Structure formats: structure tokens, C-alpha cells
Amino acid sequence: MSNESSTLKVSLRNTLHENLFMRHADNPLLSAANWPYPCNTVFNPAATVLSDGTTLLLCRVEDRRGLSHLTAARSCNGIDGWEIDEKPTLLSDPINFPEETWGIEDARIVYVPELEKHVVTYTAYSQGGPGISLAVTTDFHEFERFGDIMAPDDKDSALFPRRIGGRWAMIHRPVTPMGTHIWISYSPDLRHWGNHSIILKAREGAWWDANKIGLSPPPIETEEGWLIIYHGVRSTPSGAIYRLGLALFDLDDPRKCIRRGDRWVFAPERSYEREGDVNNVVFPCGITVAPDGDTLNMYYGGADTCIALATASIKHMLDWLKRHSE
């Protein structure tokens, strides 16, 4: 397609919709070109802010076998000056943890004040498929692995940062005969999980989030409820499109959905989101909140090839949900 045709194609889009997320001007922030050792792609980072104010990304790094591991990148401002670990921060350990035989990927980080530790949930791949594993750390150098906590086929998991009703709670996305929906489960000890229930169903038909959805970053606690950013996957003749939507859940009982947005809020638009190893993907696993308590920094994978940043206001997202709920 000629450049003139490409420009015409973009210009035909109506851009008058409300824009909640602002992409950073320096996107993409990180890619394989920045890495201190050979790799294929770098994407889908978990994120947290350390006690000294440093932003840490736990990045998914895919090698040229097609297997993934996790490597930490640190920045004083969360934008540039990244210091990347010289070797993988968390490699799969298939000898002691056979569920990690084909790599580990797509981590989410939650700091838990009660434990004074960061809890990392991630997808572990084995012959049985993707399952959920959990580890805890205080410094992102040493990790205590709990092993697999949810059997395949399951992924897209994140812990709530505090107990709810005296129990730990976790969001995840199993594939079951009932479909590919978002679930919640509870645990007394982070190892044994039960009381499973669906909290958000994939829509049906032609909706942007029909048939397959999943949690993106960890839940965000607000005065109005737990704010969730989730992804929906729409199948098209040219392949899948990954877009993001919003939902709000009750603070005391997150099984109850208060509001669900009726349209997507973020979608692949830029070249680094539309073209890569997997085209048309925006996939955030990590968020941080600025000291003002409102500015949200969302770190996401673009086209399974690079890492980018978009910012938003939590207050604006909550207001948008009031105006655009089912």
C-alpha cells in the first residue's frame, strides 16, 4: 500500500471520541535494542514503585527459542535512564518447578503492606498449558517461589493488595467449558485457593470484548471501588485485536460489578502497537500511581515487541464509567 493510501486509511477514522489515555512522546520506551544480552522481544512488563521512589519494571523477555523469562529494568523517573539487569532476574526453573518447563511470562506485581513484600504472580508454561504461579520478594534479587497455584489453562492473574473479609483474593482468567471469563478466588495462605466465581463475563456477538477477556494490570483501590482495566480480544478475518476496557467492583465484595464500560478506552493505533511479532496488541501488565494519588502510569506491551507508556487520571476514568456504563 502506498504512503498516500495509508494516510487516507488513517484519516477516515473518526477521532472525536473521548481520550482517557495519553501516550508518552518517547514511546516506545524499551525494546530488544536496549537489552544488555541477546533476545528477540521485550514486552508486557509488570510495574511497581520501590521505597526509594525508583520505578521497577519486571519485563517479559522472549529469546530466540520462543521461551520467555523476566528481567528487571529500573528508572528514577519511570521514563528514561533505565538500568537493566545484566542477566535474567527470574528464569524458569523446570527442575524444581516443572510447570515452568516452557518459560514464565506476563507478571503482575502487587506490594502487600501486611507482608512487607511484593507479590508477583505470573504465567508458567508446561506441557499442560499456561497456569498461574506465585513468588514473593523484598528486593527483586531473591525470590521465594510458591509454585503453581492455579492449574492450566489459566493466566492473567493479580492479587489484591490486602485481605478482603479476612482472606486473600486474586483475579485470574481460566478457560472453562463456561467460556473465557474473569474469575475471583480466595485463599487463607496464598497457596490454597477456592471459592471460585465469575465476576465479569465476555460479551457475545459483535462486541469488542466478545468471547474472550482477561485482567490487564492489578486492581486499583479507589473510594468508589476496585477499578479494573481489562483486555478484550476480538477475532477478525485479519487476526485478533486486543483492546482495553474499564469496570468497577465493590470494595468489600469484589464479586459484585458496580459498573462496566460500554466501549473500549484504549486500542492499537500507533505503528509500534499495530506492527510487530503479534500485530494489533496493547497489553498492559503494570501500573504505578503518582504521588498525587490520581495520575496513573500504565506500562504496556506493543504488538508483543516493545514497551510503551500511557498516562491517565483515575478520577477521569471513574467519571467516564458513570457516563458510559451498561
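The values are calculated or read from the model by the stated rules, or taken from the named source; none is laboratory data. Quick caveat: nothing in here was measured; it's all calculated off a predicted structure. Because the Cβ atoms are built from the backbone with ideal geometry, glycine has one as well, and the counts that use them run over all protein chains shown.
If you scan the range 229-252, which residues turn out to be farther than 21 Å from Y272 by Cβ, out of contact with any Ser or Thr (no Cβ under 6 Å at 6 or more places or on another chain) and not small (G, A, S)? Break it down into steps so the answer makes sense when it comes.
At the first step, the residues of the range 229-252 found to be farther than 21 Å from Y272 by Cβ are 230, 235, 237, 245-252.
Still in the running and out of contact with any Ser or Thr (no Cβ under 6 Å at 6 or more places or on another chain): 235, 237, 245-252.
Listed by number, the residues that qualify are P237, L246, L248, F249, D250, L251, D252.
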Only one of these conditions is not met by I149: (1) in contact (Cβ under 8 Å) with a residue 40 or more places away in the chain; (2) under 18 Å from the mean Cα position of the chain (by Cα); (3) assigned to a strand (DSSP E or B). Which number is it?
(2)
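Could you list all residues from the range 69-92 that are touching a helix residue (DSSP H, G or I) at 6+ places or on another chain (Cβ under 9 Å) and part of a strand (DSSP E or B)? So that I can check it myself, show each step before the final result.
From the range 69-92, those touching a helix residue (DSSP H, G or I) at 6+ places or on another chain (Cβ under 9 Å) are 73, 82, 84, 91-92; that's our starting set.
Scanning the range 69-92 gives A73, I84.
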Identify all residues within the range 26-85 that are within 23 Å of A158 (Cα to Cα) and acidic (D, E); write none if there are none.
E62
Out of all the residues in the range 123-133, is one or more of a type outside the set (S, T, N, Q), crowded, with 22+ Cβ neighbours inside 10 Å and assigned to a loop (DSSP other than H, G, I, E, B)?
no
Checked pairs for the range 22-38, first in contact (Cβ under 8 Å) with a residue 40 or more places away in the chain, second surrounded by fewer than 16 Cβ atoms within 10 Å (Cβ to Cβ) and of a type in the set (D, E), C-beta under 8 Å and 6 or more apart or across chains, list as D26/D80; L29/D80; P36/E86; Y37/E86
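Give S187, S271, S216, S238 a once-over and let me know the one that is exposed (fewer than 14 other Cβ atoms within 10 Å of the Cβ), modelled with pLDDT of 95 or more and not β-branched (V, I, T). If you could, list the steps in order and put the result at the bottom.
Numbers: S187 fails: exposed (fewer than 14 other Cβ atoms within 10 Å of the Cβ); S216 fails: exposed (fewer than 14 other Cβ atoms within 10 Å of the Cβ); S238 fails: modelled with pLDDT of 95 or more.
Only one candidate passes the filter, namely S271.
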Being within 29 Å of A135 (Cα to Cα), hydroxyl-bearing (S, T, Y) and touching a residue at least 60 places away in the same chain (Cβ under 8 Å) is the requirement here; does S216 meet it?
yes
Members of the range 224-241 that are farther than 15 Å from R203 by Cβ and either of a type outside the set (D, E) or in contact with a strand residue (DSSP E or B) (Cβ under 6 Å, 6 or more places away or on another chain) (or both):
G225, W226, L227, I228, I229, T236, P237, S238, G239, A240
